[in-house]
Amino acid sequence: MATPELFTDPAPWQARCLAAREAGARLALVPTMGFLHEGHLSLMREARRRADEGGRRGLAVATIFVNPTQFGPSEDLSRYPRDLAGDLAKCAAAGIDWVLAPERPELVFAPGHETWVTVERASQGLCGASRPGHFRGVATVVAKLFNLTRPHVAIFGEKDWQQLAVIRAMVRDLAFGLEIAGMPIVREGDGLALSSRNAYLSPGERARALALSRSLAEAREAAAAGVRDAAELRARARARLEAADARVDYVEIVHPETLAPVDVAAPGSVMLLAAFVGTTRLIDNGRLP
Ligand code: AMP
């Protein structure tokens, strides 16, 4: 459980990652915004496993960067929770070898940065509708992290289902030549999806936030019992969220890959939710049976 080697400047990180790759190491990357929880750590343990595939010890690496370009002007960039010392200890326990935590955002996005990656279709609707520019910021930083790291595989959480679709589309369309792995949502014992933003919730809000995972569970039960009409399933979820005094941003049922809304929930369709509990915007999703 050695402490990971910390890089605060992307330039030496890029040189060392490239040298390791050229020396034959297999690189597995986990990009994060830090304030790590078990969800992130499940991705990191997977990175460790995948880096070591083939019997030779590879390099499991993670990035911790609160990316300003994916936050809107009225969003929580300045108060986003941070704990680098705690994060490094957690990375160590999860088997991460190296961590890039850029000291200043300008080390990643220098003044005058003018190149952006826009994934057109997958960024539309859902979180893309309520967070204009968000996925452009995500795709651009992830593209840059891929170029800085040149990983063989990068691991993301299904918690951010649309983000995963955006990144898969980008990697396919721009031929990044790496594998994208998606990992299941890690939840608290009572069902709440782990999120760094849960730290914002008061105890009362924490209890109300359970409406997200509960409405997904109810939709799964209803679908299993034969309710297939997407409008009906969405209305029930919306009512459950509103009963908990959550302000609904969206409730959608979509095709798992294209993210196109469906009228009839088919096995594998995904229900996606976003709602504000107090001032905290939470998201969750789950496949329907
Ligand atoms: P973030 O730090 O919020 O940018 O998240 C970094 C990565 O962790 C993303 O790929 C997320 O999808 C993933 N992640 C966040 N929360 C969870 C969770 N509860 N379960 C699994 N993965 C998660």
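The values are calculated or read from the model by the stated rules, or taken from the named source; none is laboratory data. Because the structure is predicted, anything quoted here is derived from the model rather than measured. Neighbour counts are summed over all protein chains in view; Cβ atoms, including those assigned to glycine, are modelled from backbone coordinates with ideal geometry. Note: accessible area is taken over every heavy atom of the protein model, side chains too, but ligands, DNA and RNA are not part of it. Shrake-Rupley method; radii C 1.70, N 1.55, O 1.52, S 1.80 Å.
Assorted remarks:
- Breaking point among (1) part of a loop (DSSP other than H, G, I, E, B); (2) open to solvent by 20 Å² or more (accessible area, probe 1.4 Å); (3) in contact with an Asp or Glu (Cβ under 9 Å, 6 or more places away or on another chain), for Arg79: (3)
- All conditions but one from (1) out of contact with any Cys (no Cβ under 6 Å at 6 or more places or on another chain); (2) more than 28 Å from Ala129 (Cβ to Cβ); (3) buried (at least 16 other Cβ atoms within 10 Å of the Cβ); (4) hydrophobic (A, V, I, L, M, F, W, C) apply to Ala62; the one that does not is (1).
- Test: residue in the range 115-133 that is more than 14 Å from the ligand (Cβ to nearest atom), without any contact (Cβ under 8 Å) to a residue 12 or more places away in the chain, on the phi > 0 side of the Ramachandran plot and not aliphatic (A, V, I, L, M): no
- The lone criterion from (1) of a type in the set (Ser, Thr, Tyr); (2) open to solvent by 40 Å² or more (accessible area, probe 1.4 Å); (3) touching a Lys or Arg at 6+ places or on another chain (Cβ under 9 Å) left unmet by Ser202 is number (3).
Here's the yes/no breakdown for (1) at negative phi; (2) more than 9 Å from the ligand (Cβ to nearest atom); (3) out of contact with any helix residue (DSSP H, G or I) (no Cβ under 9 Å at 6 or more places or on another chain); (4) of a type in the set (Val, Ile, Thr):
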{"residue": "Ser42", "(1), (2), (3), (4)": "yes, no, yes, no"}
{"residue": "Glu46", "(1), (2), (3), (4)": "yes, yes, yes, no"}
{"residue": "Arg49", "(1), (2), (3), (4)": "yes, yes, yes, no"}
{"residue": "Gly54", "(1), (2), (3), (4)": "no, yes, yes, no"}
{"residue": "Leu59", "(1), (2), (3), (4)": "yes, yes, no, no"}
{"residue": "Ile64", "(1), (2), (3), (4)": "yes, no, no, yes"}
{"residue": "Gln70", "(1), (2), (3), (4)": "yes, no, no, no"}
{"residue": "Glu75", "(1), (2), (3), (4)": "yes, yes, no, no"}
{"residue": "Tyr80", "(1), (2), (3), (4)": "yes, yes, no, no"}
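- Scanning the range 43-59 for residues that are open to solvent by 20 Å² or more (accessible area, probe 1.4 Å) and within 20 Å of the chain's Cα centre (by Cα) yields a total of 5.
- Hits in the range 235-289 - residues which are assigned to a helix (DSSP H, G or I), open to solvent by less than 10 Å² (accessible area, probe 1.4 Å) and farther than 20 Å from Gly204 by Cβ: Ala237
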